[in-house]
Protein chains: 2
Amino acid sequence: MNNFTFYNRVKIVFGKDALDSLGSEIAGLGKRVLFVYGKGTIKKIGLYDRVISILKDASKEIVEHSGVKPNPVLSHTKEGITKARQEKVDFILAVGGGSVLDESKAIAAGTLYSGDVWDFFTGDAEIKESVPLVTVLTVPATGSEMNGGMVVTNEETDDKFGLVAEPTQPLASFLDPTLTFSIPKDYTAYSGVDAISHCVEGYFTHNCPYAPVQERYVEGIVRAIMESIEKILEKPDDYDSRAAFMWAASLAWNGLTMAGLEGAGVPSHMLAHPLSALYDMAHGATLSITIPAWMTWAHRQGNDHIERFSRNMFGVDAEMGIEKMKSWFRKIGSPVSLSEAGVTGQKVDRVVEKTFDLAKAWDMDSTYSKEVIRKIYSFCP
Amino acid sequence: MNNFTFYNRVKIVFGKDALDSLGSEIAGLGKRVLFVYGKGTIKKIGLYDRVISILKDASKEIVEHSGVKPNPVLSHTKEGITKARQEKVDFILAVGGGSVLDESKAIAAGTLYSGDVWDFFTGDAEIKESVPLVTVLTVPATGSEMNGGMVVTNEETDDKFGLVAEPTQPLASFLDPTLTFSIPKDYTAYSGVDAISHCVEGYFTHNCPYAPVQERYVEGIVRAIMESIEKILEKPDDYDSRAAFMWAASLAWNGLTMAGLEGAGVPSHMLAHPLSALYDMAHGATLSITIPAWMTWAHRQGNDHIERFSRNMFGVDAEMGIEKMKSWFRKIGSPVSLSEAGVTGQKVDRVVEKTFDLAKAWDMDSTYSKEVIRKIYSFCP
């Protein structure tokens, strides 16, 4: 196992009454709040009114920043930063899914940084401090509620870049499973894929000779995700399975799946990001395409983790294990090939180019040349 | 799933070079440190000198409090509190196993409390604040390095009581697996049992209709513990298996195994504590006796978790699953019956009395009458 530091100070307030304590949690965070949300789903489910009322009861002065996109974009992030500075906000309350949380983190860090917030994403600057952030999660998937990670797309360059920084860990995140009842089946499925991807990336890529804690942990969480997603798709308003998935998605990307795993990378994400950056696909829908394709390539390269995962999870060999993953993604309604998503011909070339740019940005280009990237995509035609 | 709050702010610094950053971690914690340790094992392995040198390099003024017993006792805890107050220490550095860490937490809380520190254990007072605590772990087992829990024995009354409090969570814990190479085989085995007990207590006792995250998490960690303990017993200085077990033991009792599990209790611990309080047995050695006995009783009472655990872990039914646990405990050299530990005849009566006292203290006496307790012990004669 590699040396590591694990630090996750996010307080998780979980359950159907979670929001009851939001007011007391933000009491000491100052008067002026930047209330960040998306395109209005929270209004439809009554959450907007509830949050406004909680903020008013707590005597907060509210500055709204709405319209965060499902792959959050740099220009809107910068608008948020300008607003946060002009209005001198004391803290940020993010209410929404992973995109709203991610953009809020970028705003939280960018507000206190004199340079261009994109510097953090290109690696030209490091996040040293952040405006305090509290989140209310409405779409479990990305794990953003329990980590310091964020992904933002620069629309000018079509680059979808991500990073992880300790100062942007939320102080507290409120997880009420009843808020997720209305998530449609397709997005529920994509969320399941996303959470699974967070579990398996480290497992599949590390080069430790022995890592049973991380691997058995991952197998456990993936089992819980697959079980609970199936139950949700049968009965979308089943509290217990929504709750199970919501918590599993947080545990999938709170640092534990990767801690101590020397050499761990996120190749399936690297392959997936350009698909959503270029063709505006849901993040999870891109991952169900790239995960089995990458697994096939890696297994043929001699990666033995795929075999062990397949044995432990399904009692089958690697080839069959990959098929099991694919057929499960299909079963829940998430695509497993580029053509299903309309990405064919020259579009694939463009994806290869963009993926290679990302490989360079993430220092993964020594393994992932354009040829290798094209080869991997050839397994999900 | 039950509503819950999860908050664990302990920074884990893990690896063979972990102590290299101890000096910088304690830099901001003030000048005067209470250095707590046990009966001198840390001197034998050269750790004492190393810590003293780190503390001196960091210009700290050292107050030593040594001689913590394997089941830490109240009188020695009170001596530590007196010392911490008289010497006006700014923070506490605990170097040792779970007992040293537990006593250090009681000292950390007791130093800032005007009443009798035992009040916290009887439930007559609540821990509101604590002297900052940093730990260096030498014996992975109890998980104390990554939680706010502590267990102390009152020698005057033979009561071994425990509690969990957020303020006593260590600020940081340093986990260097090489420090555990010299732990003898019997204590390695007991440590494995202890860590397993922390995983299964919640799983076996909760009354949630559906809790796949916690259950699959537990199954994963237990698998990792069983795997790594077997490897350690074969090759005690194998870094990777020592590292795996060390990390697994932290994850076994950092809050995740219990979070959200309505009705979860710790009956195997309740049954085990009096054995070590009365007859000074190693904590793990008492648990390998009480866990299978309690499982047998619970299964016959209609508890269906034992069956599910047995199926998922070993592919067998509950009766066979209990046998599997027992034979694994035997295999690693931990006792599975009272008589093996010399507890027979009137000694059993005394254990029953003491266990019932603990059941009352922990509000578990409505289920665990003296008759029930005697019945459970009859399964491990």
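The values are calculated or read from the model by the stated rules, or taken from the named source; none is laboratory data. Just so we're clear, the structure is a prediction, and the values are computed from it rather than from any experiment. Using ideal geometry, Cβ is built from the backbone for each residue, glycine included, and neighbour counts are taken over all protein chains shown.
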Restricting to region A:164-213, name every residue that is more than 29 Å from A:LEU133 (Cα to Cα), part of a helix (DSSP H, G or I) and either free of Cβ contacts under 8 Å to residues at least 24 places away in the same chain or not basic (Lys, Arg) (or both). A:ASP186, A:TYR203, A:PHE204, A:THR205, A:PRO212, A:VAL213
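Return the residues of region A:225-244 that are acidic (Asp, Glu), facing chain B (nearest Cβ under 7 Å) and under 21 Å from A:MET325 (Cβ atoms); say none if nothing qualifies.
Looking only at region A:225-244, we keep the residues that are acidic (Asp, Glu), and these are A:227, A:230, A:234, A:237-238, A:240.
When the remaining residues are screened for being facing chain B (nearest Cβ under 7 Å), the result is A:227, A:240.
Passing the criteria: only A:GLU227.
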Reported set for region A:207-224 where residues are more than 8 Å from chain B (Cβ to nearest Cβ) and touching a Ser or Thr at 6+ places or on another chain (Cβ under 9 Å) is A:GLN214
Note on region B:69-83: residues under 19 Å from B:PRO274 (Cα atoms) and of a type in the set (A, V, I, L, M, F, W, C) are B:VAL73, B:LEU74
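Would you say B:ALA318 is touching a residue at least 40 places away in the same chain (Cβ under 8 Å), of a type outside the set (Phe, Trp, Tyr) and in the same structural domain as B:PHE204 (by TED's automatic domain parsing)?
no
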Take B:VAL200 and tell me if it is under 20 Å from B:HIS305 (Cα atoms), within 11 Å of chain A (Cβ to nearest Cβ) and modelled with pLDDT of 95 or more. no
Log entry, pairs with first residue in region A:245-260 being more than 10 Å from chain B (Cβ to nearest Cβ), second being assigned to a helix (DSSP H, G or I) and acidic (Asp, Glu), beta carbons closer than 8 Å, six or more apart or on different chains, reads A:THR257/A:GLU201; A:MET258/A:GLU201
Candidates B:LYS326, B:LYS370, B:LYS360, filtered to the one that is more than 18 Å from B:THR286 (Cβ to Cβ), at pLDDT 95 or above and not assigned by TED's automatic domain parsing to the domain that holds B:VAL151: B:LYS370
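One residue is enough: does region B:106-128 have a residue meeting the conditions crowded, with 20+ Cβ neighbours inside 10 Å, of a type in the set (A, V, I, L, M), at pLDDT below 95 and not in a helix (DSSP H, G or I)? Even if it seems obvious, please write down each step before you answer.
First pass over region B:106-128, keeping only residues crowded, with 20+ Cβ neighbours inside 10 Å: B:106-111, B:117-118, B:120-121, B:127.
Cutting the leftovers down to of a type in the set (A, V, I, L, M) gives us B:106-109, B:117, B:127.
Filter once more, keeping what is at pLDDT below 95: none.
Among the residues of region B:106-128, not one is crowded, with 20+ Cβ neighbours inside 10 Å, of a type in the set (A, V, I, L, M), at pLDDT below 95 and not in a helix (DSSP H, G or I), which makes the answer no.
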Residue count for region A:1-13, restricted to those that are in contact (Cβ under 8 Å) with a residue 40 or more places away in the chain, touching a strand residue (DSSP E or B) at 6+ places or on another chain (Cβ under 7 Å) and within 7 Å of another protein chain (Cβ to nearest Cβ): 7
Name the single residue, out of those in region A:362-380 being hydroxyl-bearing (Ser, Thr, Tyr) and outside any helix (DSSP H, G or I), that is nearest to the chain's Cα centre (by Cα). A:TYR368
Only one residue in B:LEU271, B:LEU287, B:LEU256, B:LEU278 is at pLDDT below 95 and of a type in the set (A, V, I, L, M). Which one? B:LEU278
Can you spot a residue in region A:83-105 that is on the phi > 0 side of the Ramachandran plot and outside the structural domain of A:GLY284 (by TED's automatic domain parsing)? yes
Taking only region A:145-178 into account, find how many residues are over 21 Å from A:SER276 (Cβ atoms) and either within 14 Å of another protein chain (Cβ to nearest Cβ) or surrounded by fewer than 24 Cβ atoms within 10 Å (Cβ to Cβ) (or both). 15
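Looking at the structure I just gave you, is B:ASP90 within 14 Å of another protein chain (Cβ to nearest Cβ), more than 19 Å from B:SER182 (Cβ to Cβ) and more than 24 Å from the chain's Cα centre (by Cα)? Don't jump to the end; show me each part of the working.
On the way: within 14 Å of another protein chain (Cβ to nearest Cβ): no; more than 19 Å from B:SER182 (Cβ to Cβ): yes; more than 24 Å from the chain's Cα centre (by Cα): yes.
When the stated conditions are applied, B:ASP90 does not pass them.
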Given the criteria closer than 24 Å to B:PHE6 by Cβ, of a type in the set (S, T, N, Q) and surrounded by fewer than 24 Cβ atoms within 10 Å (Cβ to Cβ), does A:ASN3 qualify? no
Test result for B:ALA272, more than 14 Å from chain A (Cβ to nearest Cβ) and closer than 28 Å to B:LEU175 by Cα: yes
Checking B:SER75 against (1) touching a residue at least 60 places away in the same chain (Cβ under 8 Å); (2) touching a helix residue (DSSP H, G or I) at 6+ places or on another chain (Cβ under 9 Å): exactly one of these is not met. Which one? (2)
Please pick out the residue among B:LYS43, B:LYS16, B:LYS39 that is in contact (Cβ under 8 Å) with a residue 40 or more places away in the chain and either surrounded by fewer than 16 Cβ atoms within 10 Å (Cβ to Cβ) or farther than 28 Å from B:VAL164 by Cβ (or both). B:LYS16
Condition met for A:ARG85 (more than 30 Å from A:SER241 (Cβ to Cβ), assigned to a helix (DSSP H, G or I), of a type outside the set (Gly, Ala, Ser) and touching a residue at least 24 places away in the same chain (Cβ under 8 Å)): yes
Being more than 14 Å from chain B (Cβ to nearest Cβ) and without any contact (Cβ under 8 Å) to a residue 60 or more places away in the chain narrows it down to one of A:GLY115, A:GLY30, A:GLY96, so name that one. A:GLY115
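Of A:GLY284, A:GLY263, which residue is more than 9 Å from chain B (Cβ to nearest Cβ), of a type in the set (Gly, Ala, Ser), touching a residue at least 12 places away in the same chain (Cβ under 8 Å) and assigned to a loop (DSSP other than H, G, I, E, B)? Working first, answer last.
Details: A:GLY284 fails: assigned to a loop (DSSP other than H, G, I, E, B).
That would be A:GLY263, the only listed residue that is more than 9 Å from chain B (Cβ to nearest Cβ), of a type in the set (Gly, Ala, Ser), touching a residue at least 12 places away in the same chain (Cβ under 8 Å) and assigned to a loop (DSSP other than H, G, I, E, B).
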Since A:TRP253 meets every condition but one in (1) surrounded by fewer than 24 Cβ atoms within 10 Å (Cβ to Cβ); (2) not in a helix (DSSP H, G or I), which condition does it not meet? (1)
Unmet criterion (only one of (1) surrounded by 24 or more Cβ atoms within 10 Å (Cβ to Cβ); (2) closer than 17 Å to B:PHE174 by Cβ) for B:VAL68: (2)
Would you mind finding the one in A:GLY40, A:GLY67 that is under 28 Å from A:ALA249 (Cβ atoms) and in contact with a His (Cβ under 7 Å, 6 or more places away or on another chain)? A:GLY67
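Can you pull out every residue in region A:145-190 that is of a type in the set (Phe, Trp, Tyr) and closer than 29 Å to A:GLU353 by Cβ? Step through it out loud before you land on a result.
Applying the first criterion (of a type in the set (Phe, Trp, Tyr)) to region A:145-190 yields A:161, A:174, A:181, A:187, A:190.
Within region A:145-190, A:PHE161, A:TYR187, A:TYR190 meet the criteria.
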